[in-house]
1. May I ask you to compute the full-extension gain from D425 to T480, defined as 0.36 nm times their residue separation minus their alpha-carbon distance, rounded to one decimal in nm?
2. Measure off 7 Å from each Cα along the Cα-to-Cβ vector at F57 and E140, then give the distance between these two points in nanometres to one decimal.
3. Provide the net charge surrounding A269, with neighbours chosen by a C-beta distance below 13 Å and charges set as Lys +1, Arg +1, Asp -1, Glu -1.
4. Find the accessible area per residue for region 225-357; the probe is 1.4 Å, ligands and nucleic acids are left out, and the unit is Å².
5. Would you mind getting the accessible area per residue of region 506-546, heavy atoms of the protein chains only, 1.4 Å probe, in Å²?
6. Taking R0 as 35 Å, what's the FRET efficiency between D345 and H216 from their Cβ-Cβ distance, rounded to 0.05?
7. Would you mind counting up the charge near H290? Only other residues with Cβ under 11 Å from its Cβ, with Lys and Arg at +1 and Asp and Glu at -1.
8. Could you give the accessible area per residue of region 45-86, probe 1.4 Å, as a whole number in Å²?
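The values are calculated or read from the model by the stated rules, or taken from the named source; none is laboratory data. Bear in mind the structure is a predicted one, so any value in this text is a computation, not a measurement. Cβ placement follows ideal geometry from the backbone for every residue including glycine, while neighbour counts extend to all protein chains displayed. Surface areas here come from the heavy atoms of the whole protein model, side chains and all, with no ligands, DNA or RNA. Shrake-Rupley method; radii C 1.70, N 1.55, O 1.52, S 1.80 Å.
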Amino acid sequence: MQLITRYISLSPGPSRKKQKQASALRIMTELGSESSAHGLAKIASSASKKRKVIWSFLVILGFTAATVQLSFIVSKFLAYQVVEVSQMKEGMPVEFPSVTLCNIATVSLTKINELINQNATDIMPWLTFIKNTNFGDHDERMDSHQAFYENLPEVAQAIGHSIDNFVISCRFNARECSAANFSLYFDGKNYYNCYTFNSGYDAVEKQPKKEKLLMHTTGPQNGLSVILSLENDNPPAGAYGLYDVKNHIAFSGGVRAHVHAPNTMPSPADHGFDVPPGYSTSVGLNAILHSRLPNPYGNCTCSNIEGDRSYLNTIFSCLQLCKQRILVQRCGCKTAALPMYKETDPKKQNLPFCGAIKNWRNTEAFLKNSSVEQYTMKCEEDLLNYLNNDRSYENTCNCFQPCDETSYQKHISQSYWPLEFYQLDALRNLYQNITISSILIREVSEKLNNLQARFEQYMQENRKEEYNQTDLDTLIRASTIVRQNLIRLNIYLEDLSVVEFKQMPAYELADLFADIGGTLGLWMGISVLTIMELVELLIRVSMLLCDSESGSLNGASAGDPREDQEYAELNPHQHVKQKAPLPI
């Protein structure tokens with residue numbers, strides 16, 4: 001028997017493409033009518049075409065306004081703005097700062113006298129060369145301490161003040177301290193030998209010290225108290241120094257002090273303060289912390305800077321080192337007016353100073369090369385003047401603020417010191433254990449001792465003795481010498497409360513989400529659940545497409561009664577194709 005299958009077409013059947021479109025339309029209509037976005041629900045549920053058009057226009061208008069406002073919100077977030085807030089931190093120990101001390105009188109007259117008497121240095125030949133040589137516009141530069149160091153660096157370090165004669169008494173936190181607690185910092189332009197207490201750097205291990213000086217108490221008795229000797233009482237006999245009216249920080253008696261965070265580069269000339277002799281100076285400190293944000297909110301850095309050794313980063317020190325690098329690159333020499341840095345290029349490690357005179361001991365050789373040497377000095381002078389008046393160079397330095405920085409707010413007060421009534425006993429206490437001390441201080445102490453002995457003798461004999469003019473002159477001169485040479489400096493914490501200035505994001509991710517939700521809710525009535533409805537729509541349409549493709553691959557040309565039924569419900573006026581087997 002042969003089976004014959006005959007298809008009877010009652011009418012042209014719908015295509016599968018139309019069936020998919022009808023199913024997708026049904027899904028979107030269903031979800032649109034149930035959506036929490038009010039505009040979409042109105043479009044789906046409105047029977048009138050006019051209402052559908054109106055609500056469609058309103059939805060488009062709301063969507064446009066929401067898009068514009070969202071762009072402003074996102075731009076505000078991507079600007080990564082910050083706000084700075086301050087807060088008081090209580091109950092925490094405060095790290096004691098570094099204190100750098102420099103004698104304003106750059107050189108030790110005692111050492112110069114000793115070296116000149118021994119005729120063991122080039123001091124006098126250099127002074128003679130400077131006096132007899134005309135450097136034109138650079139005469140003042142060559143008369144300076146900077147030029148002396150750039151041409152006689154070893155001698156300059158030798159004639160600087162030594163710690164033994166400079167610090168004659170030291171107490172910290174009610175305990176004795178000594179010269180071992182100070183480290184040398186050399187300033188080649190202004191002060192030569194400076195000394196830093198609590199530098200925060202271990203010279204032996206070549207790295208920052210692990211132990212910090214933490215303070216738990218306040219007041220002068222628990223801080224740093226030093227008595228300094230300026231060594232201004234031993235000038236060359238019958239000689240007077242030369243005064244430069246253009247130098248605004250030299251030619252005075254006293255100490256230049258700089259209070260800074262441990263393991264940071266000192267800059268006494270730029271950030272220090274003067275302490276005059278004959279006074280007891282008290283410096284009360286309040287610690288201030290600065291916490292800054294890194295990228296993307298800011299450009300702070302946690303890296304160190306490499307000067308003559310590794311220091312914690314400060315923006316000022318970084319810019320000073322950058323100036324030195326620019327000078328080396330453009331002029332081919334370095335300057336003692338700026339801090340030194342470690343040069344990695346072997347060709348630049350032994351660069352001369354811009355003010356160095358190669359053949360100053362040989363006048364004929366100097367005259368032959370003087371134009372070259374004056375060119376380097378002029379290059380240095382012009383470049384530094386340009387950098388000091390135009391800050392555009394900072395854009396190429398890659399110098400940024402440290403992410404964590406400590407500074408100290410200072411309150412300075414002074415009192416008359418030492419009183420004449422206590423000067424004799426003060427000299428006895430201060431100089432009894434000093435092996436290398438000023439000659440005149442010793443003489444003054446001896447004269448005061450003699451006067452004291454005479455006075456005691458007169459009192460024992462119950463007689464009154466009037467001092468003669470010589471005794472009076474001795475007292476006045478002794479008192480003047482003492483007050484011109486001695487300084488007492490007290491540096492301590494006034495308060496253990498630490499003020500922290502902390503940067504915080506002005507507009508965080510939570511604020512962004514809140515503003516996005518508010519904008520979508522205002523213009524579109526959209527919430528997170530509305531977005532989930534959209535996700536559901538996309539999932540169902542995707543499943544519809546996947547089912548349709550799967551049916552076509554498995555011989556779905558025969559048709560699916562369920563799809564035909566769905567299509568018939570949405571399109572009642574269309575006829576579906578029927579199949580009927582006809583038996584023979």
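1. 18.2 nm
2. For the pair F57/E140, the computed spacing is 8.0 nm.
3. Summing Lys and Arg as +1 and Asp and Glu as -1 gives -1.
4. 45 Å²
5. Dividing the accessible area of region 506-546 by its residue count gives 65 Å².
6. Here the calculated transfer efficiency is 0.15.
7. -2
8. Result: 74 Å² per residue.
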